[in-house]
1. Largest first, please: the extent of the C-alpha atoms of the protein assembly as shown along each principal axis, to the nearest Å.
2. What is the packing order of peptides C:19-26, B:9-16, B:20-27, taking the mean over residues of other C-beta atoms within 10 Å and listing the highest first?
3. So for each of C:48-60, B:38-50 I average, over its residues, the number of other beta carbons within 10 Å; can you give me the resulting order with the highest mean first?
4. So what are the ³J(HN,Hα) numbers for the range C:26-35, from phi and the Karplus equation (6.51, -1.76, 1.60; θ = phi - 60°), rounded to whole Hz, Gly and Pro as x?
5. Let a ≥ b ≥ c be the square roots of the eigenvalues of the Cα gyration tensor of the range C:17-83; is it rounded (a/c under 1.5), or, if not, prolate (a/b larger than b/c) or oblate?
6. Kindly provide the chymotrypsin sites (Phe, Trp or Tyr not before Pro) of the range A:6-35 that DSSP labels as loop, not H, G, I, E or B, and whose Cβ sees at most 14 other Cβ atoms within 10 Å.
7. Please report Rg (one decimal) and Dmax (integer) in Å for the Cα set of chain A.
8. List the relative contact order of the range A:2-69 as a percent without decimals, with contacts defined as Cα pairs under 8 Å and 6+ residues apart.
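Rule-based calculations on the coordinates, nothing more; no lab input. Model, not experiment: these values are computed from the prediction. Positions of Cβ are generated from backbone atoms using ideal geometry, with glycine treated the same way; all protein chains shown enter the neighbour counts.
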Amino acid sequence: MGCAIVAVYAALRVALESDTLRKLPFLNVLSFAVAGSIALIIPHPLSIVAAAAYFVGSTLESNAIASTFAGGLDRRE
Amino acid sequence: MNPEFLLGSVLLLVGTIAAAFPRPRTYLNRLINLEISAWGLLLLMLSYNEALALLTFGGVSALTVYIFVRVLQKKEAAV
Amino acid sequence: MPSPAPLQEDWIAVNEVLVLAFAILVILGALLTIRESDPFRKLISLGIMIGGVMPFIVDRGLLDVAIAIALIAPLSTLFTLMVCGRGES
């Protein structure tokens, strides 16, 4: 339950931030909170795998957005 | 009335309206707004416990986005 | 009229506070995605919405589906990022 409150707080911080590049650390905080919440939500041995998969996926997505926003791979020439 | 059903129908309705009338009228905004509606449909499928439909729709949704992106790139290269 | 399938009661471990919190996440992400105009900001808000949807899938006990969706959903964002590179700015 604490993880969900952290997630809502991080979402509010992302919503109220005006700089685009400064939104991304709070998006990472939200992903960590949601991953912890997924791991704690049901007692099943496969739920930790689901949390790890969401963790990897959301971190990859956030890094891809940051990399493309900061200039990305220069494919020209 | 599950929370998933209610949330999914709200998301489907809002996403469809946003994809039909995007605010800056570009194809990219239309494509991103279409994803809201796709996740709403996924929540509706979840509300009826359709595991195989969820799995198939998740895969096909990514494939559809890839095809739309290729079409947009081809259109940008032609102009 | 066929009624929806009954809930699997033994898997529902989420109390009302968690449902309310993730519903807030989903609605906030969707409204923010519609309101923004920059594609990068729209994708960040879409990430908020996906983070809100994912615990609902886990809550039903469909863990294999949750693993597959969690690995497929960033691919969709990556494909969208291919077309919205910093063209004019």
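1. Taking max minus min along each principal axis of the Cα atoms, the protein assembly as shown gives 58, 40, 29 Å.
2. On the way: C:19-26: 21.0, B:9-16: 18.2, B:20-27: 12.5.
In decreasing order of mean packing, C:19-26, B:9-16, B:20-27 become C:19-26, B:9-16, B:20-27.
3. Details: C:48-60: 25.8, B:38-50: 20.8.
Most protected by this proxy first, the peptides run C:48-60, B:38-50.
4. 5, 5, 5, x, 5, 5, 5, 5, 6, 6
5. Values: a/c = 4.47, a/b = 1.27, b/c = 3.52.
The shape class here is oblate.
6. Listed in order of number, the matching sites amount to none.
7. Expressed in Å, the Cα Rg and Dmax of chain A come to 14.9, 53.
8. Details: 54 pairs, mean separation 22.0, N = 68.
Relative contact order comes out at 32 percent.
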